[in-house]
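Only one structure is covered here, and it is reproduced in the block below.
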Amino acid sequence: MTAETKKRFKTIFNRLRKERPVAVCELTHQNPFELLVSTILSAQCTDDRVNKVTPGLFKKYPTPQAFVKAPAEEVEKSIRSTGFFRNKAKNIKGAAEKLVRNFKSKVPDTMEQLLTLPGVARKTANVVLGVAYGIPAGVVVDTHVARVSQRLGFTKDSDPVKIEKVLMELMPREDWIYGGHLILLHGRYVCKAKKPECEKCIIADLCPSKKLFLKK
């Protein structure tokens with residue numbers, strides 16, 4: 001990691017911070033368990049869609065014990081519109097069972113323990129640790145964060161773990177929670193997958209990919 005790369009990232013980050021001083025998780029939740037389930041549901045699905053599904057879902061199944069007792073078919077039916085509903089239902093029920101069996105129904109607050117839950121990889125674990133517990137164990141890397149990091153030229157990798165490592169080197173630890181969500185929201189609302197809005201992007205002049213999209 002060169003000093004020039006770190007300097008460029010800092011300039012980009014400071015501009016994004018000025019534009020969006022508050023950057024938070026947009027998944028609606030009341031407690032760590034609801035956040036865990038919502039984050040599992042958000043895989044390849046919009047937060048907006050998840051937020052439409054979860055009020056009814058948590059009314060039916062407010063606790064890990066309730067998900068354990070629920071028939072898989074009923075959980076699948078409740079989350080069908082989020083996509084990949086069979087696998088998500090399996091993971092949610094599996095995670096709930098492990099929480100009840102191994103963690104006294106409480107969502108753990110360490111990366112090591114969270115990664116033992118079905119359906120939980122580093123992205124989900126970082127969301128839970130950062131948002132629910134305020135623990136900066138790493139940087140959230142979803143499809144938006146990956147896309148923005150690639151387009152800005154900070155990585156060529158598609159592996160979320162490798163991208164996270166780069167971002168952890170570029171950001172001080174105290175910015176990991178906020179910074180991950182800041183980049184995520186920039187990707188969601190400005191640097192969009194199909195048609196990035198380069199004309200209104202506050203960091204367009206520092207983006208090596210801008211010329212690729214302005215021609216379209």
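Throughout, read-outs are computed from the coordinates displayed, never taken from laboratory work. Quick caveat: nothing in here was measured; it's all calculated off a predicted structure. As a convention, Cβ positions derive from the backbone with ideal geometry for all residues, glycine included, and neighbour counts pool all protein chains shown.
Remarks
- Residues Lys194, Lys210 in ascending order of nearby Cβ atoms (within 10 Å, fewest first): Lys194, Lys210.
- Scattering curve values for the stretch 152-196, log₁₀ I(q)/I(0), Debye with Cα scatterers, q = 0.29, 0.31 Å⁻¹: -1.16, -1.17
- Cα gyration tensor, the stretch 32-133 - rounded (a/c under 1.5), prolate or oblate: oblate
- Of the cross-linked pairs Lys7/Lys211; Lys7/Lys165; Lys93/Lys162; Lys88/Lys210; Lys52/Lys156, those separated by over 25 Å at the C-alpha level are Lys93/Lys162; Lys88/Lys210; Lys52/Lys156.
- Using alpha carbons only, the radius of gyration of the chain set against its Kirkwood radius gives Rg/Rh = 1.00.
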